[in-house]
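Read the figures in this text as sums done on the coordinates, not as results from a lab. The shown structure was predicted, so the numbers you read here are calculated from the model rather than taken from an experiment. Cβ atoms come from the backbone with ideal geometry, glycine included; neighbour counts cover every protein chain shown.
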Amino acid sequence: MAMSEALSNEEVQAAWVNLTEEVRTGVLLTLRNGRPFGSHVPYVFGEHWTRAYIHVSRLALHSEHLLHDPRVGLFVSEPDRPGKNPLALRRMNLQGEGVLLNVDAPDYTKVKERYLARFPQSAMMFGFADFSLWELRLQDAHLVLGFGQAYLAEATTPFTWIHQKPEQKPRT
């Protein structure tokens, strides 16, 4: 199979936006006793992939984990469907740290409005004392758009997607 040509930054960015608009939930990965722990959560992104926001209960295990160790991952994937190759599903893996977003934070209201625009059924939960907004400050992104179409980006240059190519092994 021939290696696919790299997409432009604009094409990768458009594919990222499309994926995150289509898929409204992801797997939040926290650390429980030093081991990965996955939780299914709704999310909303900020201006780009370096900031994601979740609204979760402090009673949930993942919130307890974040309070003990802020390291976090967020995994977003298109759903598997009959006739689709599961290895070619579009998906994104992000790593960073979670920070509790205080109600008096300057952008709290804007984030809440953005969250409620995407999840209007969550309005009641904003009145519950145990629910909080968390800001996921993401440093690294790994985006897979299909075979031969894996891209890496860093928070310092969020719109620069580097095509991940397999290591070329010398012939012996």
With runs of 4+ DSSP H residues as the only contributors, calculate the mean residue ellipticity of the chain at 222 nm using -39,500 (n - 2.57) per run, divided by the residue total and rounded to the nearest 500. -6000 deg cm²/dmol
Quick one: dipole size for segment 9-164, taken about the Cα centre, charges +1 on Lys/Arg Cβ and -1 on Asp/Glu Cβ, in debye to the nearest 20. 380
Taking the number of other C-beta atoms within 10 Å as the exposure measure, put GLU113, GLU78 in order starting with the fewest. GLU113, GLU78
Kirkwood Rh, angstrom, segment 45-122 [1 / mean 1/r, Cα pairs]: 14.8
Gap in Å between the Cα centre of segment 4-52 and the Cα centre of segment 92-160? 9
Exposure proxy order (Cβ contacts within 10 Å, fewest to most) of THR156, THR25, THR20, THR50: THR156, THR25, THR20, THR50
Kirkwood Rh and Cα Rg combined as Rg over Rh, evaluated for the chain: 1.01
Restrict the search to segment 1-72; then list the trypsin sites (Lys or Arg not before Pro) that DSSP places in a loop and that have at most 16 other Cβ atoms within 10 Å of their Cβ. ARG24, ARG58
